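Q: Quick one: the structure is below, and I'll ask about it shortly.
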Amino acid sequence: MIRMRQLWNTSASLLLASLATLASAQQDTVEWTTLGNDFAHTRFSPSQEITAENFSNLEVAWQWDGSSFQAQSGRSTPSYINGRMYTVAGARRHVVAIDPKTGETIWSYREPDTERYQYSMRADYGKGVGFGQVDGKDIIYIISPGFFLTALDAETGAPLEGFGNPVPIDGFPDTGVVDLLADLGHPYDPYKGIPLERGYITSSSPPIVVNDVVIVGNSAEQGLQPIQNRERSWRYAGLRCGYRRVPLEVQRASSAR
């Protein structure tokens, strides 16, 4: 048994063993579909092809260079889904599909520029992608530094038809994107976001999909008022429920641990 460790370097990730070889072993658990591999976030796989005994014999199969995406922090944990790798790279959080046999980029998606992205305090902290299925089709989900939720066809990288609403900003697709600020009940500008004096919200972690619902977390910044947490339906992108703010005394107790 092995415990997965992040093998993602800043501008070049070194794949120590070809995941295509692992796939050929036909192990039921070889895929890595969420940030922590399961909803308990254990980061654990019972795959047995790589062991403590043979780890020192592994060789680099290929290198993926993320310099063209301005990749720096290397915080993302790649997902391995149906024979492909998916990750995010750079402060813009480009979504990238990679061939695990060759290391070649299959497709990439770049969110258009916004001022709310530019001042995001979690821009280069992207930790990975979310995964789900819609009508049997594999879908990759991403939350951007500007706090947009985007659903992409895992095969082509195209925005998902019928998901979300048009964003009134030049360059955004007509479908596949949800502006997560739109239903929070605060005045905001689609391009600039919520005024910082009113509050701040973004996310560095990817969403997870549970029972056909995309669960969206959030992160705030010290000294700024946190906003809200929401859930989104994967099909209709409608508001599923509100949120309950964690009492201040609970937040303090959690921070002290």
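Q: Name the residues in the range 178-207 that are in a loop (DSSP other than H, G, I, E, B) and aromatic (Phe, Trp, Tyr), would you?
A: 188, 191
Q: Out of the range 111-129, which residues are outside any loop (DSSP other than H, G, I, E, B) and either surrounded by fewer than 20 Cβ atoms within 10 Å (Cβ to Cβ) or at pLDDT 90 or above (or both)?
A: 115, 116, 118
Q: Of these, 197, 161, 115, which one is farther than 29 Å from residue 84 by Cα, in contact with an Asp or Glu (Cβ under 9 Å, 6 or more places away or on another chain) and not small (Gly, Ala, Ser)?
A: Criteria check complete, one pass: 115.
Q: Does residue 153 fit the bill of being at pLDDT 90 or above, surrounded by 14 or more Cβ atoms within 10 Å (Cβ to Cβ) and of a type in the set (Asp, Glu)?
A: Working: at pLDDT 90 or above: yes; surrounded by 14 or more Cβ atoms within 10 Å (Cβ to Cβ): yes; of a type in the set (Asp, Glu): yes.
Yes.
Q: Here is a follow-up. Hey, among 146, 164, which residue is at positive phi and of a type outside the set (Val, Ile, Thr)?
A: 164
Q: In the range 145-170, what residues are in contact (Cβ under 8 Å) with a residue 24 or more places away in the chain, out of contact with any Ser or Thr (no Cβ under 8 Å at 6 or more places or on another chain) and closer than 21 Å to residue 97 by Cα?
A: Within the range 145-170, 148, 149, 151, 152, 154, 156 qualify.
Q: Test residue 92 against the stated conditions and say whether it is in contact with an Asp or Glu (Cβ under 9 Å, 6 or more places away or on another chain), in contact (Cβ under 8 Å) with a residue 60 or more places away in the chain and not hydroxyl-bearing (Ser, Thr, Tyr).
A: Values: in contact with an Asp or Glu (Cβ under 9 Å, 6 or more places away or on another chain): yes; in contact (Cβ under 8 Å) with a residue 60 or more places away in the chain: no; not hydroxyl-bearing (Ser, Thr, Tyr): yes.
Taking the combined requirement at face value, the residue does not satisfy it.
Q: To continue, here is another question. Answer yes or no: is there a residue in the range 144-155 that is closer than 12 Å to residue 95 by Cα and outside any strand (DSSP E or B).
A: yes
Q: Now a separate question. Residue 77 - would you say it is surrounded by 20 or more Cβ atoms within 10 Å (Cβ to Cβ) and more than 17 Å from the chain's Cα centre (by Cα)? Break it down stepwise before answering.
A: Values: surrounded by 20 or more Cβ atoms within 10 Å (Cβ to Cβ): yes; more than 17 Å from the chain's Cα centre (by Cα): no.
When the stated conditions are applied, residue 77 does not pass them.
Residue-wise test of (1) surrounded by 13 or more Cβ atoms within 10 Å (Cβ to Cβ); (2) modelled with pLDDT of 80 or more; (3) touching a His at 6+ places or on another chain (Cβ under 8 Å).
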{"residue": "3", "(1), (2), (3)": "no, no, no"}
{"residue": "6", "(1), (2), (3)": "yes, no, no"}
{"residue": "15", "(1), (2), (3)": "yes, no, no"}
{"residue": "22", "(1), (2), (3)": "yes, no, no"}
{"residue": "25", "(1), (2), (3)": "no, no, no"}
{"residue": "32", "(1), (2), (3)": "yes, yes, no"}
{"residue": "58", "(1), (2), (3)": "no, yes, no"}
{"residue": "69", "(1), (2), (3)": "yes, no, yes"}
{"residue": "83", "(1), (2), (3)": "no, yes, no"}
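The values are calculated or read from the model by the stated rules, or taken from the named source; none is laboratory data. Quick caveat, the model's predicted, so the values are computed rather than measured. Positions of Cβ are generated from backbone atoms using ideal geometry, with glycine treated the same way; all protein chains shown enter the neighbour counts.
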